[in-house]
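Report on the structure given below.
The values are calculated or read from the model by the stated rules, or taken from the named source; none is laboratory data. Keep in mind that what you see is a predicted model, and the values were worked out from it rather than measured. Because the Cβ atoms are built from the backbone with ideal geometry, glycine has one as well, and the counts that use them run over all protein chains shown.
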Amino acid sequence: MVQSIKNQQDILKKLNIQSLNPMQQEAIPIIEEATNTILLSPTGTGKTLAFSLPLLKVLNPESKDIQALIIVPSRELAIQIEQVIRSMGSGYKVNAIYGGRPMSKDKIEIKHNPAILIGTPGRILDHFDANRFSKENIKTLILDEFDKSLEAGFEDEMKAIITQLKTINKRILTSATQGITVPGFVRLDKPITINYLKEKGVSKLAIKTIVSPDKNKLNTLLKLVEHIGNEQGIIFCNLRNSIDVVSNFLKRNKISHSCFSGSMEQKDRERALITFRNGTSQVLLATDLAARGIDIPEMNYIIHYELPRHEEEFIHRNGRTARMHAKGTAYILKWKDQLLPEFILNVKGINIDKKAPHKPQYWQTLFISGGRKDKISKGDIAGLFFKQGNINKNELGIIELKQDCAFVAIPLSKAEYLVGKLNNTRLKKKKVRVTIL
């Protein structure tokens, strides 16, 4: 049973949010009242909070069954939503299930039913088919990034899931893309649409073209990165092979970066995002998987190293920068004889001959072999680095605490020293390994 349900102001305070943005202010009361809602808003505008706050109000604290199902197209989005809802501190149990990790881990986590279950279509259907929990009290269905989860690749699985949900009385669909047809099996009758895709904030995106003299655009890419300087950004590729080629090139030219694609193991994808978030990597080199549903900060720029094939990909990639009221730049890298797709319009060319001042990499990431299940907190980790590592507060970067491990950003210049001092020391009651990631 849930002991106490916090009100909206308590939740916002816990999330360090001063106030709701205009989209959230409009969407929340509509979602609360409506049976069926479609929320269209750019990437990074806070759609998770917009549907989570109303969701908490309709949950029954007395129920021991799953009451809400959130279906998402990617593992990263499942993890991100789980983290956001947990951070709200409502007291309701929430779990994410997704492919790419052992089924046994799912079974342990959902042994006691969560009130809110988040998952990718294939993994949810696996659990449905095995009858691992009751579906009778699932009354709210949320399809986040529904344009992706309802496309051809997922349609059979989605239909198989939704046709088993007989008690749904509330449906919420969200997307950062317009013009998607919702299949009849979703039973989305007379939805209210909240559309923020054409808000003024979107126009703060500047789109600029850089022309490469030949088909091999690597040298032009390096020139562009050096022109931009030390700011963090994402370089988008279409193919995994392209990522390998660009990564080797950036490595040779000492540009710190992480790689992120669907072909990578889940653990490696998570670590790529950690090193990017904490500043160890200047660049995230990614496929379109990184265009949505991943937890990274606002970017000042993204680079289309390979041109997107479809307008939706272009929109989602660009959505990683110029969010809400911020400015941002999307750079398009093309070779001189290449034609731009018809959905890329009014693009200005720029000169990138001038290099920005370059600062060497400052942060490095250390891995610690202990986490939440060992009763270790971020404060315990900070204490270890201050007391035994003898570093000051300015030298301790972002700490990310996981269930069974932790990651700490520290100055690159002190990485070897800190490993020597802290490896095989005790943190709480556990002897931990400390290594460079």
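Scanning the stretch 366-401 for residues that are touching a helix residue (DSSP H, G or I) at 6+ places or on another chain (Cβ under 6 Å) and not in a loop (DSSP other than H, G, I, E, B) turns up ILE399, GLU400, LEU401.
The number of residues in the stretch 10-32 being assigned to a helix (DSSP H, G or I), polar (S, T, N, Q) and touching a helix residue (DSSP H, G or I) at 6+ places or on another chain (Cβ under 8 Å) comes to 1. Within the stretch 252-267, the set of residues being more than 13 Å from ALA286 (Cβ to Cβ) and either among the hydroxyl-bearing types (Ser, Thr, Tyr) or under 25 Å from the mean Cα position of the chain (by Cα) (or both) comprises ILE255, SER256, GLU265, GLN266, LYS267. What residue, among those in the stretch 256-274 that are buried (at least 19 other Cβ atoms within 10 Å of the Cβ) and touching a helix residue (DSSP H, G or I) at 6+ places or on another chain (Cβ under 6 Å), is nearest to VAL225 (Cα to Cα)? Top of the filtered list is HIS257. The set of residues in the stretch 353-396 being surrounded by 17 or more Cβ atoms within 10 Å (Cβ to Cβ), of a type in the set (A, V, I, L, M) and either within 30 Å of TYR331 (Cα to Cα) or over 28 Å from the mean Cα position of the chain (by Cα) (or both) consists of LEU384, ILE391. LYS334 - would you say it is assigned to a strand (DSSP E or B), basic (Lys, Arg), touching a residue at least 60 places away in the same chain (Cβ under 8 Å) and outside the structural domain of GLU400 (by TED's automatic domain parsing)? Considered against the rule, which asks whether it is assigned to a strand (DSSP E or B), basic (Lys, Arg), touching a residue at least 60 places away in the same chain (Cβ under 8 Å) and outside the structural domain of GLU400 (by TED's automatic domain parsing), LYS334 comes out as yes. One residue stands out in the stretch 143-182 among those that are touching an Asp or Glu at 6+ places or on another chain (Cβ under 7 Å) and either basic (Lys, Arg) or in a loop (DSSP other than H, G, I, E, B) (or both): the one that is surrounded by the most Cβ atoms within 10 Å (Cβ to Cβ), namely THR177. Is it the case, given these coordinates, that ASN390 is of a type outside the set (A, V, I, L, M), closer than 27 Å to VAL283 by Cα and out of contact with any strand residue (DSSP E or B) (no Cβ under 7 Å at 6 or more places or on another chain)? For ASN390, the condition - of a type outside the set (A, V, I, L, M), closer than 27 Å to VAL283 by Cα and out of contact with any strand residue (DSSP E or B) (no Cβ under 7 Å at 6 or more places or on another chain) - is not met.
Answer yes or no as to whether ARG309 is in the same structural domain as LEU239 (by TED's automatic domain parsing) and in contact with a His (Cβ under 9 Å, 6 or more places away or on another chain). When the stated conditions are applied, ARG309 does not pass them.
Candidates LYS402, LYS428, LYS378: the one that is in contact (Cβ under 8 Å) with a residue 12 or more places away in the chain and at positive phi is LYS428.
Take ALA330 and tell me if it is hydrophobic (A, V, I, L, M, F, W, C) and surrounded by 21 or more Cβ atoms within 10 Å (Cβ to Cβ). Criteria met by ALA330.
Being part of a helix (DSSP H, G or I) and modelled with pLDDT of 90 or more holds for only one residue in THR193, THR209, THR220, and it is THR220. For the stretch 59-74, a residue qualifies if it is among the polar types (S, T, N, Q) and either closer than 26 Å to GLU157 by Cβ or touching an Asp or Glu at 6+ places or on another chain (Cβ under 9 Å) (or both), and the qualifying residues are GLN67, SER74. Scanning the stretch 312-327 for residues that are at pLDDT 85 or above and either farther than 23 Å from ASP244 by Cα or in contact with a strand residue (DSSP E or B) (Cβ under 7 Å, 6 or more places away or on another chain) (or both) returns ARG317, ASN318. Restricting attention to the stretch 351-365, the residues that are touching a helix residue (DSSP H, G or I) at 6+ places or on another chain (Cβ under 9 Å) and within 24 Å of ALA272 (Cα to Cα) total 7.
Within the stretch 102-114, identify whether any single residue is in the same structural domain as GLY153 (by TED's automatic domain parsing) and crowded, with 23+ Cβ neighbours inside 10 Å, and answer yes or no. Looking for residues that are in the same structural domain as GLY153 (by TED's automatic domain parsing) and crowded, with 23+ Cβ neighbours inside 10 Å, one finds none in the stretch 102-114, hence no.
Please determine whether any residue of the stretch 202-210 is in contact with a Leu (Cβ under 6 Å, 6 or more places away or on another chain), more than 16 Å from ARG320 (Cβ to Cβ), in contact (Cβ under 8 Å) with a residue 40 or more places away in the chain and of a type outside the set (Ser, Thr, Tyr). Scanning the stretch 202-210, I find at least one residue that is in contact with a Leu (Cβ under 6 Å, 6 or more places away or on another chain), more than 16 Å from ARG320 (Cβ to Cβ), in contact (Cβ under 8 Å) with a residue 40 or more places away in the chain and of a type outside the set (Ser, Thr, Tyr), so the answer is yes. Name the residues in the stretch 120-142 that are touching a Ser or Thr at 6+ places or on another chain (Cβ under 7 Å), among the hydrophobic types (A, V, I, L, M, F, W, C) and surrounded by 23 or more Cβ atoms within 10 Å (Cβ to Cβ), would you? None; the set is empty.
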